[in-house]
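The values are calculated or read from the model by the stated rules, or taken from the named source; none is laboratory data. Computed from a predicted structure; not experimentally measured. Note that each Cβ is placed from the backbone with ideal geometry, even for glycine, and that neighbours are counted across all protein chains shown. Heads up: the accessible areas ignore ligands, DNA and RNA and are worked out on the full protein's heavy atoms, side chains in. Shrake-Rupley method; radii C 1.70, N 1.55, O 1.52, S 1.80 Å.
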Amino acid sequence: MSGLALQNITKEFGTFTAVKNVSLTVPHGTFVCLLGPSGCGKTTLMRMIAGLDLPTGGAIKLDDADITRVPTHKRDLGMVFQSLALFPHLTVGENIAYSLRIRGVGKEDQKKRVDELLSMIHLSGYADRPVAKLSGGQRQRVAIARALAISPKLFLLDEPLSALDAKLREAMQVELRQLQQRLGITTIVVTHDQREAMTMADTVVVMNSGEIRQAAAPVEIYRRPADTFVADFIGMTNLIDFTADSTGRAHALGSPIEGLAVPGGLSRGVLSVRPEDVHLTAPGHGAMAGRVTFVRDLGGTIETFVEAGGKQIVAVSMPHARPDVTVGQDVGIKLSPDTCVVLKS
Amino acid sequence: MRREAPQKLSDYGPLLFPAGMLIVFFVIPFATMIAVSFFKRDPAGFYSTAFVFDNYARFLSLFFGKVLGFSLFLAIAVAICCILLAVPFTYLLSRASRRTQVVWLVGLLSVLSLSEVIIGFAWSTLFSRTAGITNLLVAIGLMSQPVALNPSLGAVLTAMVYQALPYTVLVLYPALVRLDPTLTEAARTLGASPIKSFFTVVVPALRNTIMATLIMVFIFALGSYLLPQILGRPQHWTLSVLITDQAIYQSNMPFAAAMAVFLVLVTLALVGLTLLAGRKGEAA
Ligand SMILES: Nc1ncnc2c1ncn2[C@@H]1O[C@H](COP(=O)(O)OP(=O)(O)OP(=O)(O)O)[C@@H](O)[C@H]1O
Ligand SMILES: [Mg+2]
């Protein structure tokens with residue numbers, strides 16, 4: 001198989017295990033986002049793929065060749081660091097040409113490639129500027145161009161956009177994704193911003209305390225989270241405890257949920273329901289009973305906080321479907337079974 | 001905090017003490033030396049007030065020219081050796097564990113506490129035929145019989161580098177510690193071997209620091225006058241040795257002062273040229 005394969009990768013620092021038995025295949029040309037809370041081992045995993053750290057167990061394969069112990073400079077990869085690590089003593093053009101110069105590419109060819117890359121990142125004519133004189137977004141793009149100069153087999157980015165302001169970050173996300181699709185390069189991005197991951201990735205890999213919790217397409221991760229951690233970490237969700245009786249009928253918040261199929265043998269668990277799938281109705285008529293505690297009108301969406309069965313449930317609706325409720329009002333909550341994800345508690 | 005420039009004379013008050021120290025301990029002695037360099041030597045006593053260029057004229061001989069040339073050569077050689085040893089060493093040290101760093105730095109600091117005399121005699125023992133390091137080489141079979149390694153240029157150079165190296169490391173250390181370690185990692189991901197990344201990233205990024213350190217060691221080495229005498233032959237004596245000789249043993253203060261002033265001028269000129277070349281290189 002062409003592409004990257006991680007096989008049972010483990011990394012221990014002394015007695016602390018930063019990455020636990022991680023296996024992942026990244027087919028050629030796909031865009032993968034490593035997503036997870038701070039300290040979950042994303043950077044450590046990325047550094048092992050780059051060869052900057054050696055795993056204490058497992059193997060890394062690139063296009064079927066074992067590269068676990070190949071030194072970094074022989075791996076043909078491009079990496080963008082969180083600090084960008086642009087060389088302060090070189091100009092923009094020299095920074096981008098660095099990997100070419102190291103490989104002994106001729107001056108003429110270097111210049112041609114630099115011009116090509118500069119126009120790709122919309123910075124034509126900046127070749128002779130010192131890197132210190134660039135804005136944050138420009139430096140970002142120079143770091144990306146520098147990493148791509150040799151057309152690497154693998155493109156790695158560790159929180160590449162975290163230093164940018166929100167607007168620029170969103171624009172760069174789209175730009176980065178389009179660039180990756182144009183070049184068809186296998187790309188792995190570390191981020192702890194789930195919106196960023198959803199924007200760019202073919203596959204989102206959710207990690208927690210050194211382990212992969214789920215690796216799937218963004219929509220799949222959102223719609224079918226594998227466990228409560230993933231459900232909670234990706235977007236907003238309502239985690240509602242349920243019990244199932246002997247006939248497989250689920251009860252939650254004191255009412256049965258009609259039509260929900262609970263896998264056999266599961267007598268209790270957690271339902272993950274996205275706020276946009278929570279519908280508020282008039283009380284009674286078999287709906288779960290709740291009371292509105294707070295309404296947050298954000299303009300684009302309206303969040304209604306409802307207390308039901310001692311739990312806070314959030315419903316999100318669009319302005320055109322604004323629920324006609326006020327704080328303190330009794331309401332009914334309707335969950336449709338196909339939007340409820342049954343998880344083990 | 002107040003930012004505006006001092007308004008009244010009294011605002012300069014805090015400067016009084018350092019300025020006073022500077023005048024008493026630097027400006028006055030230096031001015032005296034310049035003045036003395038134009039005085040006439042009085043063979044009976046010390047010197048008599050005059051304004052003659054004799055001392056400088058006497059200096060313009062082939063002999064003193066050679067000594068000056070050798071002094072500059074030796075100082076430059078010491079400075080270059082120190083930089084060649086200290087830059088890689090300090091780089092590795094700055095990447096080592098905290099413990100290793102502390103142990104090495106304490107060791108280097110203790111070398112600083114040794115006086116030039118002790119360093120000189122220690123090395124003269126180490127280079128001697130009877131008790132020197134060649135005996136070790138004989139013991140492990142690398143040499144057939146012990147030899148004396150001093151007096152020689154190599155011995156002078158070794159001892160002076162040994163003396164200046166701790167200063168070099170301590171001056172380079174803060175700059176290397178502050179250097180972002182991801183720079184070399186980035187270089188490695190871009191295809192540079194660790195050695196190549198050291199020469200294409202660490203050294204150029206620290207160019208100014210290295211240049212400044214080079215100048216510092218150069219000036220430091222110019223002032224050395226004991227080690228060349230202890231470990232060298234007369235042809236390895238530097239201008240500083242001759243200045244000491246003239247000032248202390250020949251009691252020829254005016255001539256010693258003239259040589260000292262000349263040495264300062266040549267040093268300043270060299271440092272100026274180096275800085276100029278550095279600036280040019282930067283602009284290019
Ligand atoms: N060199 C090291 N020695 C000891 N522990 C380390 C080392 N590097 C990382 N760790 C530990 O490994 C864990 C994972 O670190 P890592 O940097 O991979 O997290 P991360 O997912 O990138 O977090 P963030 O989102 O904050 O960057 C952390 O608990 C960290 O303290
Ligand atoms: Mg990280």
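Here are some notes:
- Pick from the stretch A:185-205, criterion open to solvent by 30 Å² or more (accessible area, probe 1.4 Å) and either outside any helix (DSSP H, G or I) or within 25 Å of A:THR10 (Cα to Cα) (or both), ranking: nearest to ligand 2 (Cβ to nearest atom): A:HIS192
- With respect to the conditions (1) of a type in the set (A, V, I, L, M, F, W, C); (2) more than 16 Å from ligand 2 (Cβ to nearest atom); (3) open to solvent by less than 60 Å² (accessible area, probe 1.4 Å); (4) over 14 Å from A:MET207 (Cβ atoms), A:ALA50 falls short on a single one, namely (2).
- Candidates A:LEU86, A:LEU117 - the one that is within 28 Å of the chain's Cα centre (by Cα), open to solvent by less than 10 Å² (accessible area, probe 1.4 Å) and of a type in the set (A, V, I, L, M, F, W, C): A:LEU117
- Only one of the numbered conditions (1) facing chain A (nearest Cβ under 8 Å); (2) closer than 27 Å to B:PHE218 by Cα is not met by B:ALA192, and that is (2).
- Within the set A:GLY259, A:GLY264, the sole residue that is touching a residue at least 40 places away in the same chain (Cβ under 8 Å), not assigned by TED's automatic domain parsing to the domain that holds A:GLN214 and not in a strand (DSSP E or B) turns out to be A:GLY259.
- Candidate set: the stretch A:151-189, residues that are within 15 Å of ligand 1 (Cβ to nearest atom) and more than 14 Å from chain B (Cβ to nearest Cβ); chosen: the one nearest to A:MET120 (Cα to Cα): A:LEU161
- Taking the stretch A:206-242 as the range and being assigned to a loop (DSSP other than H, G, I, E, B), open to solvent by 40 Å² or more (accessible area, probe 1.4 Å) and within 16 Å of ligand 1 (Cβ to nearest atom) as the test, only A:SER209 passes.
- Within the stretch B:163-193, tally of residues that are within 15 Å of A:VAL80 (Cα to Cα), of a type outside the set (S, T, N, Q), open to solvent by 20 Å² or more (accessible area, probe 1.4 Å) and assigned to a helix (DSSP H, G or I): 3
- 2 or more residues under 28 Å from B:SER224 (Cα atoms) and modelled with pLDDT under 85: qualifying helices (runs of 4 or more DSSP H) within the stretch B:1-110: B:54-59, B:62-95
- Considering only residues in the stretch A:19-40 that are open to solvent by 10 Å² or more (accessible area, probe 1.4 Å) and over 19 Å from A:ALA201 (Cα atoms), the one that is farthest from ligand 1 (Cβ to nearest atom) turns out to be A:ASN21.
- Pairs linking a residue in the stretch A:37-63 that is hydroxyl-bearing (Ser, Thr, Tyr) to a residue that is near ligand 1 (Cβ under 10 Å from one of its atoms) and not in a loop (DSSP other than H, G, I, E, B), with Cβ atoms under 7 Å and 6 or more positions apart or on different chains, are A:THR43/A:ASP158; A:THR43/A:VAL190; A:THR44/A:LYS11; A:THR44/A:ALA18; A:THR44/A:VAL19; A:THR56/A:LYS11; A:THR56/A:GLU12.
- Out of B:ARG178, B:ARG188, sole residue that is over 20 Å from A:LYS74 (Cβ atoms) and of a type in the set (Lys, Arg): B:ARG178
- Residue in the stretch A:49-72 that is more than 29 Å from A:ARG213 (Cβ to Cβ) and within 11 Å of chain B (Cβ to nearest Cβ) present: yes
- Qualifying residue in the stretch A:32-45 (condition: aliphatic (A, V, I, L, M), in a strand (DSSP E or B) and in contact with a helix residue (DSSP H, G or I) (Cβ under 6 Å, 6 or more places away or on another chain)): yes
- Top-ranked residue of the stretch B:199-209 - restricted to ones that are assigned to a helix (DSSP H, G or I) and open to solvent by less than 20 Å² (accessible area, probe 1.4 Å), ranked as farthest from the other protein chains (Cβ to nearest Cβ): B:VAL202
- The residues of the stretch A:98-114 that are among the hydrophobic types (A, V, I, L, M, F, W, C) and either away from chain B (no Cβ under 12 Å) or open to solvent by less than 10 Å² (accessible area, probe 1.4 Å) (or both) amount to a single one, A:VAL114.
- Hey, A:PHE87 farther than 24 Å from A:ALA171 by Cα and among the aromatic types (Phe, Trp, Tyr) or not: yes
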